[in-house]
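Visitor: Can you read through this structure? Questions will come right after.
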Amino acid sequence: MATYGYRCAEHGPFDVVRPIGTAPASAGCPECGGPGRRTWTSPRLSTADPRRIAAIDATKATADRPDVVTAPPPRAGRSAGSMAVQRNPALRRLPRP
């Protein structure tokens with residue numbers, strides 16, 4: 001989905017979300033219903049969730065050379081040597097060798 005910008009002569013700019021390539025030359029204003037002409041804007045890349053962008057960047061950064069770890073990261077408030085192992089009760093039903 002892409003966000004397209006339009007401008008109503010009476011109420012100013014508004015956005016319409018549509019599939020890519022399906023934006024008409026004019027769209028109805030959400031306030032008055034009058035026609036709004038499409039405005040050409042740059043791609044709105046900064047409207048994405050910053051946490052998602054950071055995760056994508058971190059994944060790309062380690063795609064060729066992943067970091068090597070020797071232990072899981074410590075939890076907040078606990079030292080690395082005192083991490084409790086949480087067991088899933090559903091695993092008890094699995095057959096044992």
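Visitor: Mind checking whether some residue in the range 39-60 is modelled with pLDDT of 80 or more and touching a Gly at 6+ places or on another chain (Cβ under 7 Å)?
Guide: Yes, that holds for at least one residue.
Visitor: OK, next. If you go through the range 62-74 one residue at a time, do you hit one that is of a type in the set (A, V, I, L, M), modelled with pLDDT under 80 and within 30 Å of Ala2 (Cα to Cα)?
Guide: No, the conditions are met nowhere in the range 62-74.
Visitor: Applying the selection to the range 22-39, what residues are touching a strand residue (DSSP E or B) at 6+ places or on another chain (Cβ under 8 Å), farther than 11 Å from Thr3 by Cα, of a type outside the set (Asp, Glu) and assigned to a loop (DSSP other than H, G, I, E, B)?
Guide: Passing the criteria: Pro24, Ala25, Cys29, Pro30, Cys32, Gly34.
The values are calculated or read from the model by the stated rules, or taken from the named source; none is laboratory data. Keep in mind that this is a model prediction, so the values were computed, not measured. Backbone-built Cβ (ideal geometry, glycine too); neighbour counts: all protein chains shown.
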